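Encoded as structure tokens, the structure appears first; notes follow it.
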Amino acid sequence: MEASTIGIIGLILLFFLLFIRVPVIFAFLGVGFGGLVYLLGFKSAMSSMAIGAWSNAISYSFMAIPLFVLMGQFAAQSGIGSELYDAASKWLGRLPGGLAIATIWGCAGFAFCTGSSTAGVLTFGPIAYGPMQEYKYDKKLAIGTILCGATMGTLIPPAIGLIIYGGLTQESVGRLFMAGIIPGILEAVLYTIAILVVTISGILPGPRGPSFTWKERLISLRGTWGMVFLFILVIGGIYMGLFTPTEASAIGATGAFIFILIKRRLNRGVFWESILQCLRTTSMIFGLVIGAMVFTTFIALTGLANVLEQGVIGSGLSPIAMVSLTLVGYLILGCFIDTLPMLVLTVPFLYPAFTALGLDGIWFGVLVVVMIELAIITPPVGLHLFVAKGLFPDISMSDIYKGSLPFVIADIVRVVILVAFPIITLWIPNIMFSIR
């Protein structure tokens, strides 16, 4: 049997295992290791898997993951989310749908501190849902705002998805972080426009919130200093070239620890809960990366990756057409496969093919992570949909789907803009390197 045929069988088997809900890590490892045994023999397969697992575990880029996760845990436990929401609601609450808009910008600020989308849902769900219900917001708008606003943690640095993409492709994580800033802000702007459209038109009721004096608004800005502090410390330090993203992760975790100490919210329970959550998240991510590495090594040996690359190059389609078709494929795939598995499964094959077409790897990486964001909120397996259902069991999945729809449309508009104008993504990274 030809090696490429073995690769196709492996892919079909992988998707079958994912379809019947075999845990993703075991699906990757089982198919990948079985394929390596078939191609190389048991001893060589064991050696290849061990070397690959160790090299990924000690990767300099991936070393940033546990420390950024820990930074996010300390920031979330510090109460910074409620302070950001309080400031945003005082400044934006009087707009039509103002409390929903405040939630979006609170989530954006929170994303700069945590790099986690799930933490955003868990933090802003209890904070923002009650006030919106008190002011008679449509529950679909309220829940859609929370679960979609939190997705910004997937793209806004220090986003874990960008670190994983950088580790898989050897692209600069620092440049990826810088590239995620404007698309992340654009996301908040388009979400704001979506809220204004559905509330002003009456599609989803979202009355104006309470009014505040200018003094109260200015005082509320004191609650944002933690976000500004961490942003300048981590992102500013990377931008100025003071330290690498991996060094920034250690500095950021230390800064978040100091911040939670100043806020007097650190106790033994909070400390150990942060450590345990960090270990759980890191173990899951590293397990996925190692499992995907074993599987992609198997696929590479079959030559299937080269066939894909040659197929893309010889297709005759323009690079933008190929990107557009790939993004549509991501949209479809995201309806059935969870986000991180989709990232680690597809990037090792697509990246070489698309860079061979002359496309910028940083730009393509941001587009991939944007599609990962979109997958989080699209049915039937969008992660945030189920997190929201867990937080608010009285709300039907149908209402959750409907609440996310305006934001899905806004995200599709954003993808079109980013594809049409790559400079939006690449402007800050280019400036960062030109000033050094």
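The values are calculated or read from the model by the stated rules, or taken from the named source; none is laboratory data. The model shown is predicted, which means the values in this text are computed figures rather than measured ones. Every residue, glycine among them, receives a Cβ derived from its backbone with ideal geometry; neighbour counts consider all protein chains shown. Keep in mind that these areas ignore ligands, DNA and RNA; they rest on the heavy atoms of the full protein, side chains included. Shrake-Rupley method; radii C 1.70, N 1.55, O 1.52, S 1.80 Å.
Summary of computed values
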| item | result |
| --- | --- |
| Helix axis angle, 139-149 relative to the chain longest principal axis, alpha carbon, degrees | 60 |
| Helix 64-77 vs. the chain, principal-axis angle (Cα, 0 to 90°, nearest 10) | 20 |
| Average Cα contact separation per residue, the range 86-160, under 8 Å, 6 or more apart, as relative contact order % | 40 |
| Distance (nanometres) between label positions extended 7 Å along Cα→Cβ at residue 216 and residue 20 | 6.0 |
| Among 49, 63, 240: highest mean-square fluctuation, GNM of the chain, C-alpha pairs under 10 Å | 240 |
| Accessible area of the range 122-265 belonging to carbon and sulfur atoms, whole % at 1.4 Å probe | 67 |
| Residue-by-residue Karplus 3J(HN,Hα) for the range 205-222, coefficients 6.51, -1.76, 1.60, Hz, glycine and proline x | x, x, x, 5, x, x, 9, 9, 6, 5, 4, 5, 5, 5, 4, 5, 5, 4 |
| Sorted peptide list for 115-122, 339-346, 316-323, criterion being average Cβ within 10 angstrom, highest first | 115-122, 339-346, 316-323 |
| 29 Å Cα-Cα reach of residue 90 towards lysines, excluding residues that sit fewer than 8 places from it in its own chain | 136, 139, 140, 215, 263, 389, 402 |
| Candidates 376, 238, 160, ranked by Gaussian network fluctuation over the chain, Cα under 10 Å, top entry | 238 |
| Vicinal HN-Hα couplings computed from phi for the range 278-287 (Karplus, 6.51 cos²θ - 1.76 cosθ + 1.60; Hz; Gly/Pro x) | 4, 5, 4, 5, 5, 4, 4, 5, 5, x |
| MRE, 222 nm, helices only [DSSP H, n ≥ 4, -39500 (n - 2.57), over the chain, to nearest 500] | -25000 deg cm²/dmol |
| Residue-span extension gain [residue 60 to residue 43] - 0.36 nm each, minus C-alpha spacing | 3.3 nm |
| Trypsin sites (Lys or Arg not before Pro) lying in DSSP loop within the range 262-315, provided at most 12 other Cβ fall within 10 Å | 264 |
| Hz values of 3J(HN,Hα) by residue in the range 158-166 - Karplus curve (6.51, -1.76, 1.60), Gly and Pro given as x | x, 6, 5, x, 5, 5, 5, 4, x |
| Model label zone, residue 267; criterion: amide N under 11 Å from point 7 Å along Cα-to-beta-carbon; scope the range 214-228 | none |
| Calculated FRET efficiency for the pair residue 394/residue 86, C-beta based, R₀ 30 Å, to 0.05 | 0.70 |
| Highest average packing first - 350-363, 140-153, 417-430, Cβ atoms within 10 Å | 140-153, 350-363, 417-430 |
| Mean Cα-pair separation over length for the chain, i.e. relative contact order, pairs under 8 Å, 6 or more apart, % | 25 |
| Per residue accessible area of the chain, 1.4 Å probe, in Å² | 41 |
| Rough spin-label spacing in nm, given labels placed 7 Å along Cα→Cβ, for residue 185 and residue 333 | 3.1 |
| Nearest-0.05 FRET efficiency for residue 431 and residue 306, computed from C-beta distance (R0 30 Å) | 0.25 |
| Segment residue 416-residue 94, length gained on full extension (0.36 nm per residue, minus Cα span) | 112.8 nm |
| Contact order normalised by residue count of the range 57-210, Cα under 8 Å, 6+ apart, percent | 31 |
| In degrees, nearest ten, helix 80-92 long axis to first principal axis of the chain (Cα) | 60 |
| Candidates 50, 375, 248, ranked by Gaussian network fluctuation over the chain, Cα under 10 Å, top entry | 50 |
